[in-house]
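Since the structure comes first, as structure tokens, the remarks are kept for the end.
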Amino acid sequence: MTTTATPATPGGVTPRRSLRTEALEARPVNLDGFVEEWPEKGMVAMDSAFDPAPSIRVEDGVVVEMDGTERADFDFIDQFIADHAIDTDVAVDAMALDTVEIARMIVDPGVTRTTVRDVVAGLTPAKLLGVANHLNIVEIMMGMQKMRARRTPANQAHCTSARDNPLQVACEAAEAALRGFSEIETTLGVVRYAPLVAMAQTIGAQVAEEVPLTQCALEEATELELGMRGITNYAETISVYGTEPVFVDGDDTPWSKAFLASAYASRGIKMRFTSGTGSEVQMGNAQGKSMLYLEIRCILIAKGAGSQGLQNGSISCIGVPGAVPSGIRAVAAENLIASALDLECASGNDQSFSHSPMRRVARLLPQMLPGTDFVCSGYSAVPNYDNMFAGSNLDTDDFDDFNTIQRDLMVDGGLQHVGESEILAARQRAAEALQAVFEHLELPRIRDEEIVAAVYANGSNDCLPRDVLEDLKGAQSVMDRGITGLDLVTALDATGFRDMAQNLLTVLRQRVSGDLLQTSAILKGMVPLSAVNDDNDYAGPGTGYRPSGERWEQMKRLRHVTSAENPETEVG
């Protein structure tokens, strides 16, 4: 048997790993997963040799060929996009423009958002991909600053409980509202708990002067029913996909999703579709196309279906693009394309994807710096161990860091620092309101000692356990008795929480008005703020949204800020 001697270093010392290499190996980033590109299986972010070349042919107002495929060979996604998402009046002229020219139009502050939007309306998926491939990450952010629909950025939170504790969720919703979130959503470990938790979130949200819209993310039938009853105000779980086989696996088509969108809209329920770069790879049927190409098809489905917006930014699939080169750039590009197509964009920063604090911030900044309609489509307003959406890129531990970044860079991520006394008062009032409403509606009792624990809790581990069987019976009774949002208004008013009752009644009235269906609608001062009355007017330096006045004063406040006049005093 032949053996090979271990080579020796100069001086005859047996080699070992350097201490620097050992230190680097121990860094959190090396716990993340990274893979080589594999274009044949779709494991490539945004530039695959298997993506089609852009083309279009229009006859008598009908797209008869798109991206190298004749109409007779269209799959149902091609057909839906061709018939409902492409403006055939401008398509031929728009497609004739060079992709570099369109990319420069997106970045150039001298070219208006309206001009870019009108060109993009006529582009095919392959043409949009070609445009995106010309943009580096800074140019993508420059484009987003101009192309987002609503002038004023905002943020969205997850308010969940690992124990599906409605009392905890009510307290978290109250705190999230105070901290500035414009939307909050919950989901469940046990779906049967949904009516109680959805009610709790909505009640807790009414504590603040600025009331966020609420959602309970579930399977579509239950979510729709809760929305129609007025217990929740918006939805975004209507998932769409970029390949026909993945769509079929879910027993859905673009037309069924469009029908569902119309069902929500018919009751004044704000709704977005959801998609994300990498979902088709994750579900095993990317058909050899790049992740961004397939995501662009999803964005165009949302546009064609008449959805007011899209939750995208990879969302629950973020580990897939995060593992390949240029993947996080592709995520930022999908956000930009959604906005360029005049859709509300809830831009991700949702599911946790990295062990590295630096990577987590790098994932956040392409949305936070230029601003999007919702910088996060799920900042965890609870510790990540309580986050039933599988954890978030940001959670409660990051509140102070997030607020400091806003202050450092003078960028508005939608949040603000709030003093502990104010937070505790809001949590207490939310808890007492929920206790009173449950008693009024003959739902399971909430004990005073539960309230004390929940008000001061960091998470569900600090809350007292509830009688799960009784809660589940109560949740079922909510559905059986047909309890609605108006019943919650009546209960709040009857039990002495008149201001909260008035807030909720105003939200329900705004639904009836239909104004929450406008692109990028949120509530500011209990009045809808959307792309209609807050249209993005960015046109270069000195224009567009800039934090100023009272908002900038809010952003300056942190937990520990030293008084200029008295260094011994903190003014936070």
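Going through (1) modelled with pLDDT of 95 or more; (2) buried (at least 22 other Cβ atoms within 10 Å of the Cβ); (3) touching a strand residue (DSSP E or B) at 6+ places or on another chain (Cβ under 9 Å) one by one, A323 falls short only on (2). Among residues of the range 474-489 that are more than 10 Å from A501 (Cα to Cα), those with a beta-carbon under 8 Å from a residue that is open to solvent by 40 Å² or more (accessible area, probe 1.4 Å) and part of a helix (DSSP H, G or I) at least six positions away or on a different chain give the pairs A475/R192; Q476/R192; M479/E225.
If you go through the range 294-309 one residue at a time, do you hit one that is within 30 Å of R27 (Cβ to Cβ) and modelled with pLDDT of 95 or more?
no
In the range 41-57, the residues that are among the polar types (S, T, N, Q) form Cβ pairs under 7 Å with partners that are part of a loop (DSSP other than H, G, I, E, B), at six or more places apart or across chains, as follows: S48/K289; S48/S290; S55/D67; S55/G68.
Can you find, within the range 193-227, the residue that is most open to solvent (accessible area, probe 1.4 Å) among those that are in a helix (DSSP H, G or I) and of a type in the set (D, E)?
Going through the range 193-227, the residues in a helix (DSSP H, G or I) turn out to be 193-205, 220-227.
When the remaining residues are screened for being of a type in the set (D, E), the result is 220, 223, 225.
Values: E220: 52, E223: 3, E225: 77 Å².
For the range 193-227, the residue satisfying everything is E225.
Going through (1) part of a loop (DSSP other than H, G, I, E, B); (2) acidic (D, E); (3) more than 21 Å from G68 (Cα to Cα) one by one, D87 falls short only on (3).
Look at the range 327-383 and say how many of its residues are at positive phi and in a loop (DSSP other than H, G, I, E, B).
Just the residues of the range 327-383 that are at positive phi, to begin with: 342, 348-349, 371, 378.
Next, only the ones that are in a loop (DSSP other than H, G, I, E, B) stay: 342, 348-349, 371.
Total satisfying the criteria: 4.
Residue by residue through the range 394-429, note down the ones that are farther than 17 Å from C171 by Cα, in a helix (DSSP H, G or I) and touching a helix residue (DSSP H, G or I) at 6+ places or on another chain (Cβ under 6 Å). Within the range 394-429, Q406, R407 meet the criteria. Being crowded, with 19+ Cβ neighbours inside 10 Å and either at positive phi or touching a Lys or Arg at 6+ places or on another chain (Cβ under 6 Å) (or both) is the filter here, so list the residues in the range 440-474 that pass it. Listed by number, the residues that qualify are V455, S460. Residues in the range 168-195 that are among the hydrophobic types (A, V, I, L, M, F, W, C) and in contact with an Asp or Glu (Cβ under 6 Å, 6 or more places away or on another chain): L188, V190.
Of the residues that sit in the range 414-434 and are in contact with a Leu (Cβ under 8 Å, 6 or more places away or on another chain) and crowded, with 18+ Cβ neighbours inside 10 Å, which one is farthest from R481 (Cα to Cα)?
Result: H417.
How many residues are open to solvent by 60 Å² or more (accessible area, probe 1.4 Å) and more than 22 Å from the chain's Cα centre (by Cα) when one looks only at the range 506-526?
Here is the first cut: in the range 506-526, the ones open to solvent by 60 Å² or more (accessible area, probe 1.4 Å) are 509, 512-513, 515, 518, 524.
With more than 22 Å from the chain's Cα centre (by Cα) added as a condition, the list becomes 509, 512-513.
Looking only at that region, the number is 3.
Kindly evaluate Y385 against the criterion of being out of contact with any helix residue (DSSP H, G or I) (no Cβ under 6 Å at 6 or more places or on another chain), hydroxyl-bearing (S, T, Y) and crowded, with 19+ Cβ neighbours inside 10 Å. No; evaluated as a whole, the condition is false for this residue.
A quick yes/no check of all residues on (1) within 21 Å of A346 (Cβ to Cβ); (2) of a type outside the set (G, A, S); (3) touching a residue at least 40 places away in the same chain (Cβ under 8 Å); (4) not in a helix (DSSP H, G or I):
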| site | (1), (2), (3), (4) |
| --- | --- |
| G110 | no, no, yes, yes |
| D118 | no, yes, no, no |
| L129 | no, yes, yes, no |
| M142 | yes, yes, yes, no |
| Q145 | yes, yes, yes, no |
| P153 | yes, yes, yes, yes |
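Taking the residues in the range 542-556 that are under 13 Å from R407 (Cβ atoms) and in contact with a helix residue (DSSP H, G or I) (Cβ under 8 Å, 6 or more places away or on another chain) as candidates, determine which candidate is most open to solvent (accessible area, probe 1.4 Å).
From the range 542-556, those under 13 Å from R407 (Cβ atoms) are 547, 551-556; that's our starting set.
Restricting the remaining residues to those that are in contact with a helix residue (DSSP H, G or I) (Cβ under 8 Å, 6 or more places away or on another chain) gives 547, 555-556.
Values: P547: 13, M555: 3, K556: 75 Å².
The extreme case among them is K556.
Taking the listed residues M555, M500, the one that is hydrophobic (A, V, I, L, M, F, W, C), assigned to a helix (DSSP H, G or I) and either more than 25 Å from the chain's Cα centre (by Cα) or under 23 Å from V116 (Cα atoms) (or both) is M500, with no other qualifying.
From the list V92, V29, V100, which residue is in contact (Cβ under 8 Å) with a residue 40 or more places away in the chain, surrounded by fewer than 16 Cβ atoms within 10 Å (Cβ to Cβ) and in a helix (DSSP H, G or I)?
Details: V92 fails: in contact (Cβ under 8 Å) with a residue 40 or more places away in the chain; V100 fails: in contact (Cβ under 8 Å) with a residue 40 or more places away in the chain.
Exactly one of V92, V29, V100 is in contact (Cβ under 8 Å) with a residue 40 or more places away in the chain, surrounded by fewer than 16 Cβ atoms within 10 Å (Cβ to Cβ) and in a helix (DSSP H, G or I), namely V29.
Scanning the range 532-552 for residues that are in a loop (DSSP other than H, G, I, E, B) and touching a Lys or Arg at 6+ places or on another chain (Cβ under 8 Å) returns D534, N536, D537, Y538, A539, G544, Y545.
The values are calculated or read from the model by the stated rules, or taken from the named source; none is laboratory data. Please read all numbers here as calculations on a predicted model, not as lab measurements. Ideal geometry is used to build each Cβ from the backbone, glycine not excepted, and the neighbour counts take in all protein chains shown. Just so you know, the surface numbers come from the protein's heavy atoms only, side chains and all, with ligands and any DNA or RNA stripped out. Shrake-Rupley method; radii C 1.70, N 1.55, O 1.52, S 1.80 Å.
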